[in-house]
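Report on the following structure.
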């Protein structure tokens with residue numbers, strides 16, 4: 001299947017980066033190269049773009065799409081959590097802009113054998129980087145009932161997490177849970193009939209939770225933001241697109257901490273902790289897709305863009 005991923009908030013994200021012709025920019029979630037293409041097209045001969053992605057299929061697709069910018073674009077297969085080390089290897093101390101488009105791509109969802117979707121029966125996988133050993137199958141069959149409950153409750157925010165975890169453990173005692181279809185059926189049987197027959201598939205939240213756990217998505221995001229801001233030039237920007245509240249909360253809090261890191265008690269007349277602001281939040285409210293984009297791309301509905309600018 002061709003790697004097709006329609007970039008969300010494309011114009012808004014690229015405008016937020018304020019791309020300079022001679023700047024150095026990083027797309028930490030390269031995907032099919034949609035955002036990167038727009039960044040690279042604004043660069044001059046002295047500009048540079050580094051694209052990072054952990055998915056082998058994304059690397060191949062983006063390489064083809066960005067081949068017309070040879071000399072300006074460097075593509076690296078890695079996780080963006082390793083951004084500081086990647087920059088060190090490339091001999092780059094500071095950059096002028098970084099973009100992250102968090103979450104699963106349309107290609108990954110729509111490629112059944114990747115195991116991200118509850119809509120088709122396929123092996124339970126969900127790895128964005130298939131070099132990793134932790135799969136959704138391993139999580140479902142080996143995590144304790146309490147651990148399953150916590151991740152479905154915390155990452156899926158599912159009110160039926162306790163019942164779903166119990167049904168998963170009960171089912172795997174009879175036979176291993178190996179496919180997305182098996183798991184979706186188990187989840188369907190663990191929620192009330194009115195939920196089963198409602199508009200949204202009851203497996204949606206659990207599949208989201210498993211994907212987040214499998215790929216350490218929230219941990220990677222939280223661990224990356226401070227280091228990325230630290231490597232921005234003065235006036236450089238970090239733009240992050242999120243797709244659910246857990247991600248957005250991390251970005252919002254991290255941006256706030258970098259803008260106002262002081263930990264002195266509020267009754268202190270002056271700051272004595274010595275923590276200095278690294279910049280300011282450009283987007284006091286997140287930028288969301290236009291009504292037209294939401295109509296054209298249903299996966300854009302929950303997207304939010306937040307931007308931080310270094311001093």
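Here are the numbers for the structure shown:
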{"item": "Within the chain, percent of DSSP bridges classed antiparallel, to nearest 5", "result": "40 percent"}
{"item": "Viscosity 0.692 mPa s, temperature 37 °C, Stokes-Einstein D of segment 117-215 from Kirkwood C-alpha radius, µm²/s", "result": "249 µm²/s"}
{"item": "FRET efficiency, 1/(1 + (r/R0)^6) with R0 51 Å, evaluated for residue 138 and residue 42 via beta carbons", "result": "0.75"}
{"item": "Additional length obtainable on full extension of the chain from residue 11 to residue 259, 0.36 nm per residue less Cα span", "result": "86.8 nm"}
{"item": "Relative packing of peptides 172-183, 233-244, 250-261 - highest average C-beta neighbours within 10 Å first", "result": "233-244, 250-261, 172-183"}
{"item": "Residue 290 versus residue 216: modelled label distance in nm, points set 7 Å from Cα along the beta carbon direction", "result": "4.0 nm"}
{"item": "Sum of -39500 (n - 2.57) over DSSP H runs of 4+, divided by residues of the chain (222 nm, nearest 500)", "result": "-12000 deg cm²/dmol"}
{"item": "Extension reserve of the residue 147-residue 267 stretch, reckoned as 0.36 nm per residue once the Cα distance is removed", "result": "39.0 nm"}
{"item": "Principal axis dimensions, the chain - Cα atoms, whole angstrom, descending", "result": "60, 58, 40"}
{"item": "Added length on full extension, which subtracts the Cα-Cα distance from 0.36 nm per residue, residue 277 to residue 88", "result": "65.6 nm"}
{"item": "Cα coordinate range in segment 36-95, projected on the principal axes (Å, largest first)", "result": "28, 27, 15"}
{"item": "Cα extents of segment 212-311 along the three principal axes, largest first (Å)", "result": "52, 31, 29"}
{"item": "Centroid-to-centroid separation of segment 182-227 and segment 238-270 [C-alpha atoms, Å]", "result": "26 Å"}
{"item": "Degrees, to the nearest 10: 217-230 long Cα axis against longest axis of the chain", "result": "10 degrees"}
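Every read-out reported here was derived from the displayed coordinates using simple, explicitly stated rules and does not represent laboratory data. Keep in mind that what you see is a predicted model, and the values were worked out from it rather than measured. Reconstructed Cβ throughout: ideal geometry from the backbone, glycine too, with neighbour counts over all protein chains shown.
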